[in-house]
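First the structure, in the form of structure tokens, and then the observations on it.
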Amino acid sequence: MDTPEVDVVVVGGGIIGLSTAYQITRRFPDHQVMVLEKEKVLAQHQSGRNSGVLHSGIYYQPGSLKSINCRQGRLAMQTFCEQNDIPHEICGKVIVATDESELGRLNDIYQRGKKNGIDCTKLNADQLRALEPYCRGIAAIQVKSAGIVDYRRVCFRLCELILENGGEIHTDTRLLGVSNVNKQIVLETNKGSFQTSLLVNCAGLQSDRVARICGHQPEVKIVPFRGEYYELSEKAQHLCRNIIYPVPDPAFPFLGIHVTRTIFGHVECGPNAVLAFAREGYRKWDVNWRDLWDAVGYRGFHKLAARYWNVGIEEIRRSYFQSAFLASLQRLIPAVRAQDLITAPAGVRAQALRKDGSLVDDFVIQREGNFIHVLNAPSPAATASLNIGSFIAEQADDVLNA
């Protein structure tokens, strides 16, 4: 039996993989594009388990891939949602300093936002209360361009457009092996073999493993961090009008516990960030021994743990003791009570970690011959996904038109 041939195979049916396939079908309408997804349904992991924030790009280092792709990607995502009737809202957010020790960092964020071309405004305590009456803070930044969106709906619409453009999407299809034969890539899957000229690895939580299957040795390893959320009860939803963020710790790539009104009308609080014992471990008791050893046996994790042990202990406390989570939340919204918190579904972040223990803060997209690997795509990757897809499509040009 002949091995089916396509021009491009994208591994991973999350928002990055789907955006990439969509942009390639638009740029190269005469080329065949196929998406392989190991789950039976698309967007089952990071793409379908986030707070749905449409980020502005205020936090990121000017000139970084995050900064460039977030600003351009947000505009592209807004346009995409408008053209495809996908629920979204540009509601704005506030970043709040709760004591004087945070004012310096808040000003740094404001200055970075201005350098990034973000429409942001400094607020005093009275101005903050006018926007968010139940939020406590001594100063804040208002970011008018932030919003909320249903990223799962975005993924499903991207799927429809890929199919309309002549692409293929194969779910329940797991990549097992990769080999090079006569300058072509041969993929072995549980559904048979495929042959392609270009493989794009958008496998998220499994991206480093897919890279190794492809014969490459990435300099980073994916370490999974579970983000745990609560929802506010219906009677407490008035405590947050739109989106409230704390001032983040610049030494840590997570933005802290924040409060977000979702496009579905709920109000989510979180996430905290704890080591997940499985790359797809959404519950505390989910354990995959291979995944766990992969993380804790990694030299980079040892160095990370030694550097941030005190932060890690605090995150674990918030995970196992609701009172600790509540205390962190009450720094922003004092009126929240324990009875207002309802456990919500968790997510797992694919965090790339270097051997020296440093957390990779920017997007990492590497091309090696006729392979393109997306090795780190944390928040704001969903916001930036359409722009990331365009960036990868440009790199694909060198392979497809060689």
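Since every read-out is calculated from the coordinates, none of them should be taken as a lab result. These numbers come from a predicted model, not from an experiment. Here the Cβ is made from the backbone with ideal geometry for all residues, glycine too, and neighbour counts use every protein chain on show.
Candidate cross-link partners of LYS303 among the aspartates and glutamates, defined by an alpha-carbon separation under 20 Å and a same-chain spacing of 8 or more, comprise ASP208, GLU219, ASP249, ASP291, ASP294, GLU314, GLU315, ASP356, ASP361, ASP362.
Dividing the convex hull volume of the alpha-carbon atoms in the chain by its residue count gives 135 Å³ per residue. Seen against the Cα atoms of the chain and their longest principal axis, helix 65-83 is set at about 90 degrees. Each residue in VAL223, VAL33, VAL274 was given a count of other beta-carbon atoms within 10 angstrom of its own, and listing them fewest first yields VAL274, VAL223, VAL33. Within a straight-line Cα-Cα reach of under 24 Å, LYS38 can be paired with the following lysines, leaving aside sequence neighbours fewer than 8 residues apart in one chain: LYS191, LYS221, LYS284. The lysines within cross-link reach of LYS114, meaning a Cα-to-Cα straight distance under 26 Å and a gap of 8 or more places when in the same chain, are LYS66, LYS93, LYS122, LYS144. Sites listed here are trypsin sites (Lys or Arg not before Pro) in the stretch 1-96 whose DSSP assignment is loop and whose Cβ has at most 15 other Cβ atoms within 10 Å: LYS40. Thinking of the stretch 1-152 as a set of Cα atoms, what percent of all their pairs are more than 23 Å apart? Value for the stretch 1-152 (Cα pairs over 23 Å): 51 percent.
Distances between placed amide hydrogens fall under 5 Å for VAL10 paired with MET34, VAL35, LEU36, VAL200, all partners being 5 or more residues away or on another chain.
Summing charges over neighbours of VAL399, with a neighbour being any other residue whose Cβ is under 10 Å away from its Cβ, gives -2 when K and R count +1 and D and E count -1.
Beta bridges assigned by DSSP with both partners in the chain are antiparallel in approximately 75 percent of cases.
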